[in-house]
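In what follows, a structure is listed as structure tokens, so that the remarks can point back to it.
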Amino acid sequence: MTLSNEQLENIQKYASIYLPVSDIALLIDVHADELRDEIRNRSTPASIAYHKGKVVSRVTLHNQEMQLAKVGSPAAIENARRNLMDMEDDE
């Protein structure tokens, strides 16, 4: 699948707000199943844009969670601990 730079930028933008693939496909005028196939293949520009969008937002959420943990939020402390465990499992 060949996508324009604008479509790739939109994939990243929409993925960063956790929009479902079917909605992203509709907004960028491609078939949802084709976009899903592209995203599953981790080496395609669409997949890279999609996953980068998700990760950028995850970074923001992790930063906010860590700030809350530092001021003593029990839920944030538990989430930060879980994030650390996930990080260590991925090493």
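Listed values, structure above:
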{"item": "Test result for Ser4, of a type in the set (S, T, N, Q), free of Cβ contacts under 8 Å to residues at least 60 places away in the same chain and either in contact with a Leu (Cβ under 6 Å, 6 or more places away or on another chain) or open to solvent by 80 Å² or more (accessible area, probe 1.4 Å) (or both)", "result": "no"}
{"item": "Output for the range 67-91, where each listed residue is open to solvent by 90 Å² or more (accessible area, probe 1.4 Å) and either touching a residue at least 12 places away in the same chain (Cβ under 8 Å) or of a type in the set (S, T, N, Q) (or both)", "result": "Gln67"}
{"item": "Test: residue in the range 20-30 that is open to solvent by 90 Å² or more (accessible area, probe 1.4 Å), closer than 14 Å to Met1 by Cα and within 13 Å of the chain's Cα centre (by Cα)", "result": "no"}
{"item": "Residue count, the range 41-66 (criterion: touching a residue at least 12 places away in the same chain (Cβ under 8 Å) and within 20 Å of Ser22 (Cβ to Cβ))", "result": "10"}
{"item": "Every pair of residues 6+ apart whose Cβ atoms lie under 6 Å, when the first sits in the range 12-29 and is without any contact (Cβ under 8 Å) to a residue 60 or more places away in the chain while the second is among the hydroxyl-bearing types (Ser, Thr, Tyr) and surrounded by fewer than 17 Cβ atoms within 10 Å (Cβ to Cβ)", "result": "Ser16/Ser57"}
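The values are calculated or read from the model by the stated rules, or taken from the named source; none is laboratory data. Keep in mind it's a predicted model, so treat the numbers as computed, not measured. Heads up, the Cβs are rebuilt from the backbone with ideal geometry, glycines too, and the neighbour counts pull from every protein chain shown. Note: accessible area is taken over every heavy atom of the protein model, side chains too, but ligands, DNA and RNA are not part of it. Shrake-Rupley method; radii C 1.70, N 1.55, O 1.52, S 1.80 Å.
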